[in-house]
Amino acid sequence: MGAIDRWTERSARMLARGSSRRGFLARAGAFLIGAGVAPLLPVSRAGAAAKDDGDPTRCDYWRYCAIDGFLCSCCGGSTSTCPPGTVASAITWVGTCRNPNDGKDYIISYNDCCGRSGCGRCTCQRDEGDRPLYRTDTANDINWCAGSGADIVYNCSTAVLMGVATGE
């Protein structure tokens, strides 16, 4: 047992000589700051996205269950981005659509893209879950560009996947 005791004592004394309270506090502070910054680092979230089979230029695409307007995917944008020269409205309407590929319900934010005259291609009006206009957050018959500032000209609509609906 004497050898283990001597090794432990030597190791403890070397650690004490090579460290200080200030050094410990500096390392602990750096660790805490690093831990706070870690969520800001870029992370691949590809696994969190829904399996997205289907044609986003067709009205029967699963994300478009509550859309009303021209599809941005036919107008130079995509299901989640506005075409060049337009901006997304600051306010949106939401819907919950079932993805037939995995059987899950997803929350979809429908954003009107504003700033240029109507695209005129791929008109789509699906009213699943649409509510009367007194529930404006779930109504798709409103020009949502009216709430985005000075430019109220409607161009097209996107269907941004927000997350899985939990049912809680």
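The values are calculated or read from the model by the stated rules, or taken from the named source; none is laboratory data. Just so we're clear, the structure is a prediction, and the values are computed from it rather than from any experiment. When we count neighbours, we look across all protein chains shown, and the Cβ atoms used for this are built from the backbone with ideal geometry, even at glycine. When the accessible area is computed, the model is the full protein with side chains, heavy atoms only, and any ligands, DNA or RNA have been set aside. Shrake-Rupley method; radii C 1.70, N 1.55, O 1.52, S 1.80 Å.
Couple of notes before you dig in:
- Scope the range 41-72; condition in a helix (DSSP H, G or I) and modelled with pLDDT of 65 or more; matching residues: W62, R63, Y64, C72
- Count - residues of the range 81-121 that are in contact (Cβ under 8 Å) with a residue 60 or more places away in the chain and either under 10 Å from C156 (Cα atoms) or open to solvent by 60 Å² or more (accessible area, probe 1.4 Å) (or both): 9
- The set of residues in the range 68-117 that are among the basic types (K, R) and over 21 Å from N143 (Cβ atoms) comprises R98, K104.
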